[in-house]
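Trainee: Let me give you the structure first, and then I'll get to my questions.
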Amino acid sequence: AIGDLSVKVGHFYTIVGYEVIPSGGNFFLSRQLTFYNSEPFTHTGALATYKAGDNLSVMGGWTAGMDTGFNRLNGGSSFLGGFIYNISESTALTYTMTAGNLGWRGDGSINSIILTQSWSDKFSTVHQFDVLSSNLGTPGNNFASTGVADNSTGLINYAFYTINDKLKAGIRQEWYKADGTSYNTMTYGVNITPMDKLVIRPEIRQMWAPGAVNTAAAPGHDDLFNSTVFGIDAIITY
């Protein structure tokens, strides 16, 4: 780092999207369909971040595609960048993207816009819009048949409410459209912190996708995307 400019080089987590790779960094134990199916997890390359002002940070760099180590799978070579703009003390706008030869995901681009808003000390919302466009699509090669989306759109909304210092409630709504088929989820959960360093995360997730018939995108075919699932985990940090 030099002044307002910092650079990281190597293998690192992606900056694209709202949910993050380490499970403890997310409110819900389950993941967005958008996160799991249409966003990168990691990159290998170099990324620079420049603090352009008190409210604006700009990012840009080169990566060897997405989800690769130090081997450039399929000749992966792509741009990674975006910006974070703090509109006010309670509102932030983040735009991130990667474009080029994405390696195993073909040639294309992924764009993500996130708006976060703190309405009060207890209540906040997050709104995310993602678009994936790639050239993977061939006849019979799409999300329903292979589990890998060629083109997709994701619209995700969150609302969080802090009940007290040991209990926080959250809801996540997602509309994920992959290669012409819409998948919907509603997730309701709480984070319980009975003691320092321990978080318990129960949740209920409703999924419905009337068009997901005989899909190979997940075991169980269309049954998985038309079901209600309960899950719970506990995280201890030390």
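Trainee: Over the chain, what is the mean sequence separation of C-alpha contacts under 8 Å (at least six apart), divided by residue count, expressed as relative contact order in percent? Don't skip to the answer; put the middle values down first.
Mentor: Numbers: 607 pairs, mean separation 29.7, N = 238.
Taking the mean separation of contacting Cα pairs over the length of the chain, I get 12 percent.
Trainee: Over the stretch 1-65, what relative contact order in percent results from Cα pairs under 8 Å that are six or more residues apart? Walk me through the numbers before you get to the answer.
Mentor: Values: 82 pairs, mean separation 24.4, N = 65.
Once divided by the residue count of the stretch 1-65, the mean separation gives 37 percent.
Trainee: How would you classify the stretch 1-111 from its alpha-carbon gyration tensor, with a ≥ b ≥ c the square roots of the eigenvalues: rounded for a/c under 1.5, else prolate if a/b is greater than b/c, otherwise oblate? Provide the component values of the computation, followed by the final result.
Mentor: Details: a/c = 1.87, a/b = 1.22, b/c = 1.54.
In terms of gyration-tensor shape, oblate.
Trainee: Restricting to lysines 8 or more places apart or on different chains, can you count the pairs in the chain with Cα atoms under 23 Å from each other?
Mentor: Lysine pairs meeting the criterion: 6.
Trainee: Can I ask one more? In the stretch 38-172, what percent of the accessible surface is made up of carbon and sulfur (1.4 Å probe, ligands and nucleic acids excluded)?
Mentor: Looking at the stretch 38-172 in its full context, I get 61 percent from C and S.
Trainee: Rounded to the nearest 0.05, what FRET efficiency do SER118 and ALA46 have when you use their Cβ-Cβ distance and R0 = 25 Å?
Mentor: So the FRET efficiency works out to roughly 0.15.
Trainee: Report the residues of the stretch 66-96 in range of a label on ASP54: point 7 Å along Cα→C-beta, backbone N strictly under 15 Å from it.
Mentor: Of the residues in the stretch 66-96, 86-91 have backbone N under 15 Å from the label point off ASP54.
Trainee: Could you give the nm distance between label points at SER88 and TYR238, where each point is 7 Å from its Cα heading toward the beta carbon?
Mentor: 4.4 nm
Trainee: Rounded, prolate or oblate: which one fits the stretch 94-146, using the alpha carbon gyration tensor with axes a ≥ b ≥ c (rounded when a/c is under 1.5, else prolate when a/b beats b/c, else oblate)?
Mentor: Prolate is the answer for the stretch 94-146, as a/c is 1.5 or above and a/b outweighs b/c.
Trainee: Which of rounded, prolate, oblate describes the chain, given a ≥ b ≥ c as roots of the alpha-carbon gyration tensor eigenvalues and a/c under 1.5 marking rounded, otherwise prolate only if a/b is larger than b/c?
Mentor: Oblate shape, in that a/c is at least 1.5 and b/c is the bigger or equal ratio.
Trainee: Go ahead and collect, in residue order, the members of the stretch 40-69 whose backbone nitrogen is under 18 Å from a label point 7 Å along the Cα-Cβ direction of ALA99.
Mentor: 40, 48, 58-66
Trainee: Same structure again: With a 1.4 Å probe and every protein chain left in place, work out the accessible area per residue of the chain in Å², rounded to a whole number.
Mentor: 50 Å²
The values are calculated or read from the model by the stated rules, or taken from the named source; none is laboratory data. Keep in mind it's a predicted model, so treat the numbers as computed, not measured. Don't worry about glycine lacking a Cβ; one is built from the backbone with ideal geometry, like all the others, and counts go over all protein chains shown. For accessibility, only protein heavy atoms count, side chains too; no ligands or nucleic acids. Shrake-Rupley method; radii C 1.70, N 1.55, O 1.52, S 1.80 Å.
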